[in-house]
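> I am attaching a structure below and will ask some questions about it afterwards.
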Amino acid sequence: MIRHRFHALCPYFAMFPESFAEYWIKRLTKPNDTVLDPFSGRGTTALTALLCGRHAISSDVNDVAICLTMAKTRSPSYKRVRSRINELRREFDPKEWKNPATAADEFFRYAYAPSTLRQLLYLRSSLDWKDSRVDNMLAALTLGSLHGEVTSKRYLSNQLPRTISTKPRYSVNFWKARHLVAPERDVFTVLGEIATYRYESPLPEGDSVVLHTDMRNLPRVIDTDKQGPLRCAITSPPYLNVTSFEEDQWLRLWFLGGPAHPKKGAVSRDDRHGTADNYWSFIGDMWRSLGAVMAEDAHVVIRIGSRRISPEALKRGLAGCAQFSGRKVKLISHHVSEIRKRQTDAFRPGTKGCVVELDCHFKFDD
Ligand SMILES: C[S@@+](CC[C@H](N)C(=O)[O-])C[C@H]1O[C@@H](n2cnc3c(N)ncnc32)[C@H](O)[C@@H]1O
């Protein structure tokens, strides 16, 4: 399959590649089947399902994940995106955006040129990303450009990592020590260029339901009579003690309406379980939900990782917790891979990201 340009709309920490989703979707499902991802992240399972002629249901608790998954799988036409960019540009009055509190904040003063920050503040307050598909796509495109390498014209910020947003104090010290100045970028122009590039690929078709909810609620919100049997789940829950999606994506969350500083624990208690006991109880909750919503004989493919427990212990934990589904579950196969080039290496040399990843294929064997 040719790589669809929506896949790389925005990086996401601990994302899996589309080849992983594609392999399992093609192997375990038929056209028109529905594929579930309870931990959607950047929406790779859902987008790949649609591209393979299947339907998708996704859930996540994080606004960034919801915004990206919706944009990729419930996309407006290119024409609507272009005309909304023109409309927003016409209505933008820089004078109105001169003095908001954010503009005085040291982090934001160093992160963005004043003219760029005014446009971002305007878009942040104008885009109705939860209820309008076209605004949702524009918000997702902005998220993909919000921070990255200062040398690339597609990023709006001073030098920052692409995947995660570093903490304000660390970032300011980094910029000051290197005398780095934020580039002047016209956000409307950047959005127009990126939209043109992304829309070179045809729009995905098929039904996609995106649920902004904790996966524990899935039994209450998925109507399998209406949506049809769920034959396959392909997913990757947060890993044990690896990252907080909320804290590490604070700048993107800010753009979507969140606070102008990092926070953790408010979006999801499951993002970074520090102890194995709590982690396995969370994985048990995942199985409870899967047991309630998945069809007879359904397949479940799970990728998890850790930097401190062995692949064997991970496998035992994952398979052992399957009992909480309340159904008979068979482990069909598993595969362990070492991660050589970790995402964290790119911005925090010497830190340890995830070291091993384990893929398990289970089947309900009722
Ligand atoms: C490892 S990431 C998924 C990455 C995804 N496979 C991808 O390729 O982008 C785990 C996701 O689980 C979400 N999450 C954490 N706790 C959750 C919960 N209780 N219910 C649903 N989603 C949750 C996080 O916000 C994060 O997006």
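The values are calculated or read from the model by the stated rules, or taken from the named source; none is laboratory data. Note that the structure is predicted; figures quoted are calculated from it, not measured. Here Cβ is always computed from backbone atoms with ideal geometry, including for glycine, and neighbour counts include all displayed protein chains. Side chains included, ligands, DNA and RNA excluded: accessible areas come from the protein's heavy atoms. Shrake-Rupley method; radii C 1.70, N 1.55, O 1.52, S 1.80 Å.
> Taking the condition within 13 Å of the ligand (Cβ to nearest atom), farther than 14 Å from residue 227 by Cβ and open to solvent by 10 Å² or more (accessible area, probe 1.4 Å), does residue 42 pass? Steps first, answer last, please.
Numbers: within 13 Å of the ligand (Cβ to nearest atom): yes; farther than 14 Å from residue 227 by Cβ: yes; open to solvent by 10 Å² or more (accessible area, probe 1.4 Å): yes.
So residue 42 fits the description; yes.
> Among the residues of the stretch 307-316 satisfying the criterion of being away from the ligand (no atom under 16 Å from the Cβ) and not in a loop (DSSP other than H, G, I, E, B), which is surrounded by the most Cβ atoms within 10 Å (Cβ to Cβ)? Reasoning before the result, please.
We begin by selecting, within the stretch 307-316, every residue away from the ligand (no atom under 16 Å from the Cβ); these are 308-313, 315-316.
With not in a loop (DSSP other than H, G, I, E, B) added as a condition, the list becomes 311-313, 315-316.
Working: 311: 19, 312: 11, 313: 13, 315: 16, 316: 13.
Ranking the candidates gives 311 first.
> When the residues of the stretch 62-97 are filtered to those that are in a helix (DSSP H, G or I) and of a type in the set (Phe, Trp, Tyr), which remaining residue is farthest from residue 164 (Cα to Cα)? Walk me through it before giving the result.
Taking the stretch 62-97 first, the residues in a helix (DSSP H, G or I) are 63-73, 78-91, 94-97.
Applying the additional criterion that residues be of a type in the set (Phe, Trp, Tyr) yields 78, 97.
On the way: 78: 28, 97: 26 Å.
My answer is 78.
> Would you please name the residue that is nearest to the ligand (Cβ to nearest atom), looking only at residues in the stretch 1-12 that are open to solvent by less than 20 Å² (accessible area, probe 1.4 Å) and either aliphatic (A, V, I, L, M) or within 16 Å of the chain's Cα centre (by Cα) (or both)?
Here is the first cut: in the stretch 1-12, the residues open to solvent by less than 20 Å² (accessible area, probe 1.4 Å) are 4, 6-7, 9-10, 12.
The next check asks that each one be either aliphatic (A, V, I, L, M) or within 16 Å of the chain's Cα centre (by Cα) (or both); those that pass are 6-7, 9-10, 12.
Details: 6: 13, 7: 10, 9: 11, 10: 10, 12: 4 Å.
So, considering only residues that are open to solvent by less than 20 Å² (accessible area, probe 1.4 Å) and either aliphatic (A, V, I, L, M) or within 16 Å of the chain's Cα centre (by Cα) (or both), the one nearest to the ligand (Cβ to nearest atom) is 12.
> Ok, one more. Looking for whichever is open to solvent by 20 Å² or more (accessible area, probe 1.4 Å), farther than 17 Å from residue 143 by Cβ and more than 10 Å from the ligand (Cβ to nearest atom) here; the options are 260, 266, 233. Which one fits?
Result of the check over 260, 266, 233: 266.
> Looking only at residues in the stretch 13-22 that are closer than 23 Å to residue 215 by Cβ and in a helix (DSSP H, G or I), which one is farthest from the ligand (Cβ to nearest atom)?
Filtering the stretch 13-22 down to residues closer than 23 Å to residue 215 by Cβ leaves 13-18, 20-22.
Restricting the remaining residues to those that are in a helix (DSSP H, G or I) gives 18, 20-22.
On the way: 18: 9, 20: 8, 21: 8, 22: 12 Å.
Looking at the filtered set, the residue picked out is 22.
> Need pairs with beta-carbon distance below 7 Å; first residue farther than 13 Å from residue 319 by Cα and within the stretch 276-294, second at pLDDT below 95 and within 12 Å of the ligand (Cβ to nearest atom); sequence gap 6+ or separate chains.
Every condition considered, the pairs that remain are 276/240; 279/240; 279/273; 282/270; 282/273.
> Identify all residues within the stretch 140-155 that are of a type in the set (A, V, I, L, M) and touching a residue at least 40 places away in the same chain (Cβ under 8 Å); write none if there are none. Talk me through it step by step, then tell me what you get.
Taking the stretch 140-155 as the starting set, the residues that turn out to be of a type in the set (A, V, I, L, M) are 140-141, 143, 146, 150.
Selection gives 140, 141, 143, 146.
> Would you please list the contacts, defined by Cβ atoms under 7 Å and residues six or more apart or on different chains, that run from a residue in the stretch 115-139 that is more than 16 Å from residue 86 (Cα to Cα) and part of a loop (DSSP other than H, G, I, E, B) to a residue that is of a type in the set (A, V, I, L, M) and at pLDDT 95 or above?
Partner pairs satisfying both residue conditions: 129/139; 129/256.
> Residue 335 is checked against (1) at pLDDT 90 or above; (2) within 20 Å of the chain's Cα centre (by Cα); (3) open to solvent by 80 Å² or more (accessible area, probe 1.4 Å); (4) not charged (D, E, K, R) and fails just one. What number does that condition carry?
(2)
To keep it simple, each residue is scored yes or no on (1) within 14 Å of the ligand (Cβ to nearest atom); (2) crowded, with 22+ Cβ neighbours inside 10 Å; (3) modelled with pLDDT under 95; (4) farther than 25 Å from residue 358 by Cα.
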residue: 31; (1), (2), (3), (4): no, no, no, yes
residue: 36; (1), (2), (3), (4): yes, yes, no, no
residue: 49; (1), (2), (3), (4): yes, yes, no, no
residue: 53; (1), (2), (3), (4): no, no, no, yes
residue: 63; (1), (2), (3), (4): yes, yes, no, yes
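> Of the residues that make up the stretch 187-206, is at least one touching a strand residue (DSSP E or B) at 6+ places or on another chain (Cβ under 6 Å) and open to solvent by less than 10 Å² (accessible area, probe 1.4 Å)?
Step one: of the stretch 187-206, the residues touching a strand residue (DSSP E or B) at 6+ places or on another chain (Cβ under 6 Å) are 206.
Subsequent filtering for residues that are open to solvent by less than 10 Å² (accessible area, probe 1.4 Å) retains none.
No, because not a single residue in the stretch 187-206 is touching a strand residue (DSSP E or B) at 6+ places or on another chain (Cβ under 6 Å) and open to solvent by less than 10 Å² (accessible area, probe 1.4 Å).
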